[in-house]
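First comes the structure, then the notes that go with it.
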Amino acid sequence: MRAASPVFHDDQSGSWHVFRYDDVQRVLSEHATFSSRMGGGNPSGSGQLFASSLITADPPRHRQLRSLVTQAFTPKAVDALAPRIAELTDELLAGIEATGSADLIKELAYPLPVIVISELMGIPAEDRERFKHWSDVIVSQTQAGPGNGKDDATTAEMIEYFLALIAQRRSQPGEDLISSLLSAEIDGQRLTVPELLGFCSLLLVAGNETTTNLIGNAVLCLAESPGTLERLLKEPALIPQALEEVLRFRSPVQSMYRVTVAEATVAGQPIPAGAPLVAWIGSANRDGQQFERAAVFDIDRSPNRHLAFGHGIHFCVGAPLARLEARIALEALLSRLPGLSVAPGAELERMESTIIYGLKALPA
Ligand code: HEM
């Protein structure tokens, strides 16, 4: 598509699709032309959860909302979580070592980010399992846009849960992220309930599924590249750059949604105002105009200016946390299970989503 049809109009859905690196980077970052607000109409299903969130906000509201969470996710704040992340990883791996074989998604890549973010937000441990179900449903329903899903029952259940949690924190504030969002003020105004719901959903769903898949996709890339696995076993210091290449080569977020606020021209193609647009991050990250030998998994790639965490004002707030969790998980996996491989003959099934790229299970 990048060569033959860099900007493609899908007559059925009415969406425009953008595939080249330069164009994707521009669409993601030129917010005055390409808005993050959700498409017209009343959002249904999981769309309600994201309608008033940071990820669907434009300036000036975007900057205000973002300022409320950036403190919690600075590299310094996130580094302080490293000992706890290492401890959790050890506990999860002990379970795998005891049985000898395991589904690495179920036993490690899924629970690790969920537990970390749940602890940051003060979510009771017994409620974590419910998020797995909710986020699976929401991810499988999201097609080319945050929260276009139509599973109203799951959304209603999740909203009810968050509302109860918010009410509980209002009466008994703690040291957690939800309590600090509840007391935060922007120009003397508290966040609205839909905005609070937006934060909870973003952090609990968007952040988790993606980090799970970064860890899972990393294991898959290494299983396919035994030479790289050998190198990392000998030189664990290369793990961070290997993860950057996983982010490029198998991007956990494949696409992001925008809508044109005014008529725009992308790669010579005029696009009318009000048009829904999908920026294909996964395609940009394989663009041969930007990356030499783009189809090759190469951890020595430098510079590696992938767009896996987005670009511009919406650049992923959770990137330092995702990188840290994935690094600790991979370091522990390689040191404790050095013979790491995908179970021979295992059928690897991809998640059903046009946004999230990852495997449903990873038998190892
Ligand atoms: C935004 C990817 C992990 C929270 C984004 C965006 C991308 C992305 C592509 C940009 C969206 C846009 O331009 O519209 C990823 C990937 C992750 C990851 C690949 C893991 C490998 C996390 C984590 C958290 C998180 C762990 C939080 C716990 C957010 C938030 C935004 C965001 C709040 C919205 C930022 C804004 O609109 O200003 N992420 N993410 N993400 N991400 Fe992540």
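The values are calculated or read from the model by the stated rules, or taken from the named source; none is laboratory data. Here the structure is a predicted model, which is why all the values come from computation and not from measurement. Virtual Cβ from ideal backbone geometry, glycine too; neighbours counted across all protein chains shown. Ligands, DNA and RNA are excluded from the accessible area calculation, which covers all protein heavy atoms including side chains. Shrake-Rupley method; radii C 1.70, N 1.55, O 1.52, S 1.80 Å.
Odds and ends about this structure:
- Top of Ile138, Ile281, Ile166 by mean-square fluctuation, Gaussian network on the chain, Cα under 10 Å: Ile166
- Phi-based couplings in Hz for the stretch 209-220 (Karplus 6.51, -1.76, 1.60; Gly and Pro marked x): 4, 5, 5, 3, 6, 4, 5, x, 5, 5, 4, 4
- Amide N proximity, the stretch 79-114 versus Glu175 label position 7 Å along Cα-to-Cβ, cut-off under 19 Å: 79-88
- 222 nm mean residue ellipticity, helices alone, for the chain (DSSP H n ≥ 4; -39,500 (n - 2.57); rounded to 500): -14000 deg cm²/dmol
- Each residue of the stretch 244-250 is assigned a 3J(HN,Hα), and the resulting list reads 4, 6, 5, 4, 6, 6, 10 Hz, derived from the Karplus form 6.51 cos²θ - 1.76 cosθ + 1.60 (θ = phi - 60°), x at Gly and Pro.
- Only protein atoms count toward the accessible area here, which uses a 1.4 Å probe; on the chain, the carbon and sulfur part of that area reaches 53 percent.
- Using the Karplus relation 6.51 cos²θ - 1.76 cosθ + 1.60 with θ = phi - 60°, the per-residue 3J(HN,Hα) values for the stretch 188-200 come to x, 10, 7, 5, 7, 4, x, 5, 5, 4, x, 5, 4 Hz, with x marking Gly and Pro.
- Debye equation applied to the C-alpha atoms of the chain, log10 I(q)/I(0) at 0.07 Å⁻¹: -0.30
- Solvent-accessible area per residue in the stretch 7-336 equals 42 Å², computed with a 1.4 angstrom probe and all protein chains kept.
- Burial order of peptide ranges 236-242, 273-279, 333-339 (average beta-carbon count within 10 Å, highest first): 273-279, 236-242, 333-339
- GNM flexibility winner over the chain from Pro272, Pro124, Pro60 (Cα, springs under 10 Å): Pro60
- Choice from Gly95, Gly310, Gly188 with maximal GNM fluctuation in the chain (Cα, 10 Å cutoff): Gly188
- Cα centroid separation, the stretch 264-304 to the stretch 179-252 (Å): 20
- Net charge, Gln168 excluded, C-beta distance under 15 Å - Lys, Arg +1, Asp, Glu -1: -3
- Percentage relative contact order, the chain, counting C-alpha pairs under 8 Å, at least six apart: 29
- Taking the chain as the region of interest, the number of lysine pairs whose Cα atoms are within less than 20 Å, with members eight or more places apart or on different chains, is 4.
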